[in-house]
Amino acid sequence: MLNNLTAHEAHSLLASKKISSVELTEAVFAQIEKTENKLKAYVTLTKDEALKRAKAADNNGNFTGLAGIPIAIKDNMCTKGILTTCSSKILANYLPPYDATIVEKLAAAGAAPIGKTNLDEFAMGSSTENSGFHTTHNPWDLNTVPGGSSGGSAAAVASGECILALGSDTGGSIRQPASFCGVVGLKPTYGRVSRYGLVAFASSLDQIGPLAKDVTDSAWLMNVLAGYDPKDSTSVDIPVPDYRMALVNDVKKFRIGLISDLMGKGTDEAVKAAIKDAARKLESLGAIVEEVSLPTFEYAVPTYYLIAPAEASSNLARFDGVKFGHRSSDAPDLLTMYYNTRREGFGAEVKRRIMLGTYALSAGYYDAYYLKALKVRTLIKQDFEKAFKHFDVLISPTAPSPAFKIGEKAADPLSMYLSDIATIPVNLAGLPAISLPCGFSGGLPIGLQIIGEAFAEEKLLQVAYTYEQNTEWHKRRPTL
Amino acid sequence: MKYETIIGLEIHAQLLTESKMFCACSTKFGAKPNTNICPVCTGQPGVLPVMNQKAIELAIKTALALNCKIEKSSVFARKNYFYPDLPKDFQISQYELPLATLGHLDIVVEGKKKRIGITRVHLEEDAGKLVHKGAARIMGATESLVDYNRTGVPLMEIVSEPDLRSPAEAKAFMETLQHLLQFIGVCDAKMEEGSLRCDANISLRPAGEQKFGTKTEVKNMNSFKAVFKALKAEEKRHEEVLSEGGKINQETRFFDDITEQTIGMRSKEYAHDYRYFPEPDLVPIEPSADWLAKIKNTSGELPEAKRDRFLNEYKLPEADAEVLLATPALTAYFEECLKLYDHPKTIANWLMGDLTAYLKTNNLAIEQINLTPAQLVEMLQMIDKGTISGKLAKTILVEALKSGKTIKDIVAEQGLTQISDEGEIKNIIDEVIEKNPKQVGEFRSGKDAVVMFLVGQVMKLSKGRAKPDAVQKLLRQKLGQ
Amino acid sequence: MKIDVEAVAKLARLGLSPEEKKLFGEQLSRILDHADTLKKLNTDKVEPTSHAIPMKNVLREDKVIPCANVDDILLNAPQAEEHMFKVPRIVE
Ligand SMILES: [Zn+2]
């Protein structure tokens, strides 16, 4: 089945004219036809647009990079004239007047955008259960969540409902769903990829990155995504390497730190076992693996749920019924319009975080909560800096457990937040990290997280690639 | 009881940039509603701001002119509140870490110089404009329409220390500040047009008391006169309340320029809580020494230094210096002339006399005339050389201003150069003698004063091109024969 | 930690049902109690981190580039009139 190809495999077939981009795109849509009613990975499909781009790629005939490759876009990235909902009722009818920078880059690369994938509303969540429209199901077990917030993208990649996908990661939203769905997810260094056009959740933490079937595809997509954007003041103006050059099967003498703080009682035994196996595997390939402790990790989750909601409460103020999106029909005056529009338009988790963030910034609490969190953030960053004096990369589980059952954690927001313990510190420190499959438990995938220093994506890719080339996990596909 | 008035001002000045503070939209005033807008300044989901370099430089330039300390690192913050004219429902402003602090501005009130402290100078973005339907103001309107053209225009906020002691001082401060802002070219500073706005905090305390009284904030003062009147009215109101043993409520009051009274705005049921926090989408401004030096170099000499130089170096009277410094364009014109012609007083006389008179009569600004400083100087040099007379020059000047022609062309076209050929003058003298036998007879019989009449006739016939003293000399020679 | 849910919701212009108010009140209290663990860390001499990757002076040239999609922006307005965004009456 063409839709199960990786991007680099599909590229070889396209370049040698063994297949056309239209055939490839149609294969993807055939799969969507077959499995989408079970998965619900998408919010909007753009078949006509995708086929138009595929045809253009075929006519052009010059298949370089991602030309002619069908790709799914998380629905919190603006696509001009194409619905961009953030899986929120408040944006159910929103047609952006502009394209996100990464959407422009994909178009320039000749990729075929096939649709917009489901997410937890405004990327707030770890299961896609917070989508304002529907929950996405994990292709490995339809009763479990695909993770979140990029659950739609991860499920689509895992099930062959696309070749590649884009996700965004604020506290683990690329890596955790990658882990749950058995695919590869990379969160780049903060500032490596432009955020212009990514609907902001927490501006100082958000970063766009690839979800892919293997490490090689991640490198290919990074080649398109990475780079300075004058429209994003926080994007960093340093040269972009050819990430494919980092795909070297060699970890000899690599110093790898296994984060002991994430291997304690909060983590499933099966997950711990898989990570230990992965560590041994890397050791057998010539790496030096040692345990390392980052003592401030235990403070990362509360730090995150003060900083992220604070920024979110401000970022989401603009959804007020004045300029775009939903406006309540019960709007006799401005103030009532604000209240009703936001009450009707936002789901419970979004409201909860807006409340939390508003509170953390409000007079009398700013110093105790928000400012305190920013200071602890400094300590977490310093912990990483110390660790990277001794190690090339750090490894840990991506999530403390495999995918959980739909509904299992919905009633307890705090336990949901705590399950992001391994991914959150990375965002707070702005570092790059990748999650790739390293085992299974009860038929559900387990993810290995590899963390690097700022702008050391190549090191991550090399370690991940070496691990992948010497294991078989990434070759497993769910049967639907 | 005698009270002392305490006033502090908060000024907003629109900076003279082409594009907005955080996006590339035009700042032009008066466009059709919602045409100077883009995804960024309408707060579309996903957009990001990028700082306008020129806006920062203009604000730094101002801060330097106000003797401020430029902060090593300044940071934008979000000021969060909901209002339809604020598309993101937060304003990007500066809060804890402003661009500059601790400056001062000297003002002169009743001939006395006074130094007023500047607390801070910072940058922010302007809000949009609301048009109310069904009523002139927000009160009573049935609906409102929002125009985002002005949203995101760069604003500079200047906050003074509570160093002002009377409405007159407040007015003088505003006038001095306006002059400075126009002079260094950062803002056109027209209160009536809203490019310069001012809010005031005012409180009264018993004379001799150290503690400040309760203050009120006065808004909606749209001219210097309004600043004065509003603060006078509010000062009087405070005094009346206090002297009757009453208490002032801390509140915002609106100046009604028709009744010339301040009106308390209904206080919100809950206090504002702006939840400021550092804008995560922008990075700090950390001006290097090089950058600051470059900005300083563009500022040139400030009005005060110029004034001193005009008085001491050029020995101009105070009144002259005052006039020449009234507008930056006039000052620049004067200094341009001075580069080409080293007679400050002569230039000053012409600029303040005939040129200003012409501008006034025709309601023009000096920026609007074609006559260049070089041409004016050329004319002055013609007078010095005796090519034209000073009296004639006045006519030529007006002609040049009216027609836009150069001085040289006018002089050449109309043949206006002075007659230096004695033979030509002698011919005219002969003609005059022939035509005025009666007066010639009177002169010859001893009425010496009649010579002036005859000189006048010669001048008339020569169309003013003869030199009067030369004519008289030749006339006497002729009649003495 | 007891939160004035009503006041916070007002600041955020968020209409909440009585059930939501009660639920959020409890949940937020729990979350904030958990956040109090941060107090265990001494941060007296620690600088706050707003940006993980330190940067400065990212500026753009003062140049006008007119927007090509002005009408698409207005098209999204829930209500518009005379090329302006319309809002119901403003009661302060
Ligand atoms: Zn704009």
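The values are calculated or read from the model by the stated rules, or taken from the named source; none is laboratory data. Please read all numbers here as calculations on a predicted model, not as lab measurements. Virtual Cβ from ideal backbone geometry, glycine too; neighbours counted across all protein chains shown.
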Among residues of the range B:39-49 being closer than 13 Å to B:V153 by Cα and of a type outside the set (S, T, N, Q), the residue nearest to the ligand (Cβ to nearest atom) is B:C41
What is the residue count in the range B:144-188 for residues that are surrounded by 21 or more Cβ atoms within 10 Å (Cβ to Cβ) and on the phi > 0 side of the Ramachandran plot?
1
Could you tell me whether any residue of the range A:25-43 is closer than 30 Å to A:D232 by Cα, touching a Phe, Trp or Tyr at 6+ places or on another chain (Cβ under 9 Å) and at pLDDT 95 or above?
yes
Test result for B:A13, touching a residue at least 12 places away in the same chain (Cβ under 8 Å) and more than 17 Å from C:P66 (Cβ to Cβ)
yes
Filter the range C:69-92 down to the residues that are facing chain A (nearest Cβ under 8 Å), outside any loop (DSSP other than H, G, I, E, B) and under 14 Å from B:D85 (Cα atoms) and list them by number.
C:F85, C:V87, C:P88
Just a yes or no: is a residue in the range B:260-279 under 17 Å from the mean Cα position of the chain (by Cα) and over 30 Å from B:F82 (Cβ atoms)?
no
Please count how many residues of the range C:56-81 are farther than 18 Å from A:D232 by Cβ and away from the ligand (no atom under 15 Å from the Cβ).
7
Quick check, is A:P113 more than 14 Å from chain C (Cβ to nearest Cβ), within 25 Å of A:D217 (Cα to Cα), out of contact with any Lys or Arg (no Cβ under 6 Å at 6 or more places or on another chain) and surrounded by fewer than 24 Cβ atoms within 10 Å (Cβ to Cβ)?
yes
Quick one: count up the residues across the range A:357-381 that are free of Cβ contacts under 8 Å to residues at least 12 places away in the same chain and among the polar types (S, T, N, Q).
2
A careful count of residues in the range A:98-110 that are in contact with an Asp or Glu (Cβ under 8 Å, 6 or more places away or on another chain) and surrounded by fewer than 24 Cβ atoms within 10 Å (Cβ to Cβ) gives 1
Would the range A:356-378 turn up any residue that is of a type outside the set (F, W, Y), farther than 22 Å from B:K79 by Cα and buried (at least 24 other Cβ atoms within 10 Å of the Cβ)?
yes
Considering only the range C:21-37, how many residues are crowded, with 19+ Cβ neighbours inside 10 Å and either closer than 30 Å to B:P84 by Cβ or facing another protein chain (nearest Cβ under 7 Å) (or both)?
5
Could you pull out every one of the strands (runs of 3 or more DSSP E) wholly within the range A:164-259 that has 2 or more residues that are surrounded by 24 or more Cβ atoms within 10 Å (Cβ to Cβ) and more than 13 Å from chain B (Cβ to nearest Cβ)?
A:164-169, A:184-187, A:207-212
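Kindly check whether there is at least one residue in the range B:61-78 that is within 16 Å of the ligand (Cβ to nearest atom) and either touching a strand residue (DSSP E or B) at 6+ places or on another chain (Cβ under 8 Å) or under 30 Å from A:Y339 (Cβ atoms) (or both).
So in the range B:61-78, the residues within 16 Å of the ligand (Cβ to nearest atom) come out as none.
No, the range B:61-78 contains no residue that is within 16 Å of the ligand (Cβ to nearest atom) and either touching a strand residue (DSSP E or B) at 6+ places or on another chain (Cβ under 8 Å) or under 30 Å from A:Y339 (Cβ atoms) (or both).
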Verdict on B:A55 being surrounded by 24 or more Cβ atoms within 10 Å (Cβ to Cβ), in contact (Cβ under 8 Å) with a residue 24 or more places away in the chain and more than 15 Å from the ligand (Cβ to nearest atom):
no
Say we look at the range C:41-68 and pick out the residues that are facing chain A (nearest Cβ under 9 Å) and among the β-branched types (V, I, T); which of these is surrounded by the most Cβ atoms within 10 Å (Cβ to Cβ)?
C:T49
Scan the range B:1-19 for residues that are within 11 Å of chain C (Cβ to nearest Cβ) and either more than 13 Å from the ligand (Cβ to nearest atom) or small (G, A, S) (or both) and jot them down.
B:L15, B:L16, B:S19
Wholly enclosed helices (runs of 4 or more DSSP H) of the range B:346-411 bearing at least 3 residues closer than 13 Å to B:F334 by Cα and not assigned by TED's automatic domain parsing to the domain that holds B:L325:
none
Selection from the range B:299-324 of residues closer than 22 Å to B:Q375 by Cα and either part of a helix (DSSP H, G or I) or without any contact (Cβ under 8 Å) to a residue 24 or more places away in the chain (or both) yields B:D320, B:V323, B:L324
Sort through B:L397, B:L392, B:L401, B:L351 and tell me the only one that's under 25 Å from the mean Cα position of the chain (by Cα), surrounded by 17 or more Cβ atoms within 10 Å (Cβ to Cβ), more than 23 Å from B:Q182 (Cα to Cα) and at pLDDT below 85.
B:L401
Quick test for you: out of B:K79, B:K113, B:K61, B:K88, pick the one residue that is within 14 Å of another protein chain (Cβ to nearest Cβ), of a type in the set (K, R) and within 24 Å of the chain's Cα centre (by Cα).
B:K61
How many residues does the range A:460-477 hold that are surrounded by 20 or more Cβ atoms within 10 Å (Cβ to Cβ), at pLDDT 95 or above and not aliphatic (A, V, I, L, M)?
5
Which one is farthest from the ligand (Cβ to nearest atom), of the residues in the range B:20-32 that are under 14 Å from C:D62 (Cβ atoms) and out of contact with any strand residue (DSSP E or B) (no Cβ under 6 Å at 6 or more places or on another chain)?
B:K28
Per-region count, the range B:137-154, residues more than 15 Å from the ligand (Cβ to nearest atom) and either more than 13 Å from chain C (Cβ to nearest Cβ) or assigned to a strand (DSSP E or B) (or both):
3
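Quick one: is A:L95 surrounded by fewer than 21 Cβ atoms within 10 Å (Cβ to Cβ) and within 14 Å of chain B (Cβ to nearest Cβ)?
Details: surrounded by fewer than 21 Cβ atoms within 10 Å (Cβ to Cβ): yes; within 14 Å of chain B (Cβ to nearest Cβ): yes.
When the stated conditions are applied, A:L95 passes them.
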Any residue at all in the range A:132-152 that's of a type in the set (S, T, Y) and farther than 15 Å from A:D75 by Cα?
yes
Of the criteria (1) within 13 Å of another protein chain (Cβ to nearest Cβ); (2) hydrophobic (A, V, I, L, M, F, W, C); (3) under 19 Å from A:A226 (Cβ atoms), which one A:A67 fails
(1)
